[in-house]
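The values are calculated or read from the model by the stated rules, or taken from the named source; none is laboratory data. All figures in this text were calculated on a predicted structure; none of them were measured in a lab. Because the Cβ atoms are built from the backbone with ideal geometry, glycine has one as well, and the counts that use them run over all protein chains shown.
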Amino acid sequence: MRTVISADEKNGKKGFNVEFAINMAHKNTVVIQQKDKDVYAAVDLAVERAKKVLRRHHDKITNYKAEELIAVEENSEGSDDEIVPMRLNSYKPVEVEDAMNELKASDRQFIVFHDMEDKFRVMYKKTDGRFGLY
């Protein structure tokens, strides 16, 4: 991070300029400029703006990482079980009958969807050939 504090005078008025240049990995340099009559106020305002920029960048990175699909392997009692997170194909509401037809046509054991009332639902195949719905 590079900081430059300068004083200037225009039309007989004194003022201070504070400039922060923040270099972030895999991102362009962020430049924050703040002007004020008081040098301490200018620094405080620039620091608050820098905090806001860095917080947004941090939130963006952590949300992206949370949404990435990462396969997790768990070992229990000598057997290898694999948990693979999946995204929903569509976040649009689906009729229960349409979900059942899609499950019948596939070789999957269950389907996760949002119904027309925007409830998060799970439909699954039972061993007797019927369907269950949560």
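Before moving on, here are some points about what is shown:
- Evaluation of residue 37 against (1) at pLDDT 90 or above; (2) surrounded by 11 or more Cβ atoms within 10 Å (Cβ to Cβ) (one fails), failing number: (2)
- Condition check for residue 52 on (1) in the same structural domain as residue 25 (by TED's automatic domain parsing); (2) modelled with pLDDT under 85; (3) not β-branched (Val, Ile, Thr): one failure, at (2).
- Listed by position, the strands (runs of 3 or more DSSP E) contained in segment 57-134 that have at least 1 residues being surrounded by 10 or more Cβ atoms within 10 Å (Cβ to Cβ) and modelled with pLDDT under 85 are 79-83, 110-114, 120-125.
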